[in-house]
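Inspection log for the structure reproduced underneath, given as C-alpha cells.
The values are calculated or read from the model by the stated rules, or taken from the named source; none is laboratory data. Bear in mind the structure is a predicted one, so any value in this text is a computation, not a measurement. Glycine also receives a Cβ, built like all others from the backbone with ideal geometry; neighbour counts cover every protein chain displayed.
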Amino acid sequence: MGSGGDGPALMASTPTESAEQQPPAQQPLVQQQLKQQQEQERQRQEQERLAQAEREQQAREQAEALAREQEQQRIAEQKKQQEAARRKAAEQARLAAEKQALAQRIVQSQAEFKQRQASKMDVYGFSEYPLAKPLQSQVALVVAASPKQWMGAGVQIERGKTYRIEASGQWSMGKFCKATDPTGAGMYTLGCWDAGGQTVAGYPHGALIGKIGKQALPFYVGPGFRFTAPEDGPLYFMANDAAAYFADNSGSLNVTVSRED
C-alpha cells in the first residue's frame with residue numbers, strides 16, 4: 001500500500017493541550033502548588049501592607065513627637081519671655097520706687113538745709129588738702145578753730161548719697177570766751193558777747209559749720225547732721241566765728257563723716 005490519503009492522519013499536540021491533558025494523578029499537585037504561590041503572594045502583600053502601615057504609624061508618631069517637642073519649646077520660650085518681662089517690669093518698678101524715694105529724701109534734706117543755711121554767700125578762701133575723693137565708708141578728721149578759711153574734709157559729696165556728720169570735742173573762740181562743743185552753746189560771757197558777724201547767722205560763733213562746693217551756701221553742722229546730698233561737691237568745715245575774731249581762737253573738734261548707703 002502507498003502513503004496516500006487513505007490512512008489516519010497524525011496530529012502534533014500543543015503544550016497547553018499537554019498541560020490540560022495531564023494525567024489525572026498530577027492535577028491536584030499542580031493546583032496545590034498554585035494555591036501555595038497565591039498564598040505566598042497574599043502573605044507578601046499583607047506583610048508589605050503591614051510594613052507600610054507601620055512606617056506610616058512611625059512617621060505619624062515622629063511627627064506628633066516633633067510637634068509636641070516644638071510646642072513644649074514654644075511654651076518654654078513663652079514662659080521665658082514672660083518671666084523676663086516680669087523681671088524687667090519688677091526692676092523698672094523697683095528703680096522707679098528707689099528714684100521716688102531718693103527724690104523724697106533729697107526734698108527732705110533740702111528743707112533741712114534751708115533751715116540750717118546762711119542767707120548769703122561768705123567770702124572765705126579754701127584749703128584743698130586733703131584732696132576730695134568719693135567716700136566709700138567713713139573718714140575722720142580734726143577741724144581747728146583758728147583757720148580763717150574753709151578746711152577740706154577730703155570727701156567728695158555725691159548727689160543722692162546719704163551721709164552722716166558727727167562732731168565732738170571742745171574749742172574756744174577767744175580767751176574771754178568759754179570753751180564750747182560743736183553746738184557753740186554756753187560760750188558767751190561778759191567779756192565775750194554775741195556781736196554778730198557769724199557766717200551762718202542765728203547760730204553761736206563757736207558752732208561747727210560746713211559747706212558743699214565752693215558756690216553753695218554754708219550751713220550749720222553742730223554735733224551731727226544726716227542728709228541726702230542734693231548736689232555734688234567737696235565738703236568743707238570751719239568755725240562759725242566772725243571774720244575779725246579768728247586770731248585768738250584755739251582748740252579743735254574731732255569730726256567723722258560716714259556714708260550710709
Long-range neighbours under 7 Å by Cβ, at least six apart or interchain, first residue surrounded by 10 or more Cβ atoms within 10 Å (Cβ to Cβ) within segment 26-41, second part of a helix (DSSP H, G or I) and modelled with pLDDT of 85 or more: none
Do we find that THR256 is surrounded by fewer than 17 Cβ atoms within 10 Å (Cβ to Cβ) and of a type in the set (Ser, Thr, Tyr) in this structure? yes
What residue, among those in segment 231-253 that are buried (at least 17 other Cβ atoms within 10 Å of the Cβ) and within 40 Å of the chain's Cα centre (by Cα), is nearest to SER146 (Cα to Cα)? PHE237
Considering only segment 122-133, state which residues are among the aliphatic types (A, V, I, L, M) and surrounded by fewer than 13 Cβ atoms within 10 Å (Cβ to Cβ). VAL123, LEU131
Among ALA216, ALA195, the single one that is surrounded by 14 or more Cβ atoms within 10 Å (Cβ to Cβ) and not basic (Lys, Arg) is ALA216
Out of all the residues in segment 169-192, which are surrounded by 22 or more Cβ atoms within 10 Å (Cβ to Cβ) and on the phi > 0 side of the Ramachandran plot? GLY184
The lone exception for GLU166 - which of (1) surrounded by 15 or more Cβ atoms within 10 Å (Cβ to Cβ); (2) on the phi > 0 side of the Ramachandran plot it fails: (2)
List, please: which pairs have Cβ atoms under 9 Å, are six or more places apart or on different chains, and start with a residue in segment 180-194 that is among the hydroxyl-bearing types (Ser, Thr, Tyr) and end with one that is exposed (fewer than 13 other Cβ atoms within 10 Å of the Cβ)? TYR188/ASP194
